[in-house]
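The values are calculated or read from the model by the stated rules, or taken from the named source; none is laboratory data. All values reported here derive from a predicted model rather than from experimental measurement. Counting neighbours? That spans all protein chains shown, and the Cβs are built from the backbone with ideal geometry, glycine included.
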Amino acid sequence: LLLACSEAVARHMEEGGIPGEKLKVVPNGIDTAFYGPCRETREILRRQKGVKQETKVILSAGRLVDWKGFDVLLEAFALSRPESAVLWIVGEGPEKARLEEKIDDLALRGVAVMHPFASDLRPFFWASDLFVLPSRTPEPFGLVLLEAMASGLPVIATDAGGPREIVARAAGWLVRPDDPASLAESLHEALGDGEKLAAAGLASLAQSRAFDGA
């Protein structure tokens, strides 16, 4: 018996010649209580980063490699240019210098900020208002997406792979992969309606509990 962390991975394994009867899908799990939102940490980190409490923070995180699509997110952010919002990208990797250049090319310096790798992303989750996973090729699962949801964040992710199985429609938005315009449209919709954003955050938290492995 072989275990797959998502239906997408199971299908990929079947396409590779593994018989379906030898496969079982067991999603990754997390301790959702570990990610419970912390208002005090939110306020402290935002002050440290010079972000006003009323400013919306869009967060993304992961290894800075091409297939993760952080350049797509930067282009979408430049297209939508939401008012009173900043974009944080947390991570390290070979694409970092190119992404920094793209921030300058798109005139986003000061509103799009690269942060170094963080072993504990919870303070960033708690300080943010929306999480985006812009992967241009399918994520096998997308654990960071689930962690963000357990932190109470509404999410936007590409409609492929594991994220398609994690994100309930009420909890967030699924967009076409490698499509800045599609992502920009969802950014505009998410940040343009405070009530809808808050409701999506509550739905994210509820949806994450289906994956509670504590």
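Scanning the stretch 76-95 for residues that are buried (at least 17 other Cβ atoms within 10 Å of the Cβ) and touching a strand residue (DSSP E or B) at 6+ places or on another chain (Cβ under 9 Å) turns up ALA76, PHE77, ALA78, PRO82, ALA85, VAL86, LEU87, TRP88, ILE89, VAL90, GLY91. Within the set PHE124, PHE117, the sole residue that is at pLDDT 95 or above, more than 27 Å from ARG81 (Cβ to Cβ), in contact with a strand residue (DSSP E or B) (Cβ under 8 Å, 6 or more places away or on another chain) and among the aromatic types (Phe, Trp, Tyr) turns out to be PHE117. If only one of LEU174, LEU153, LEU202, LEU197 is outside any helix (DSSP H, G or I) and over 21 Å from GLY91 (Cβ atoms), which one is it? On inspection, the qualifying residue turns out to be LEU174.
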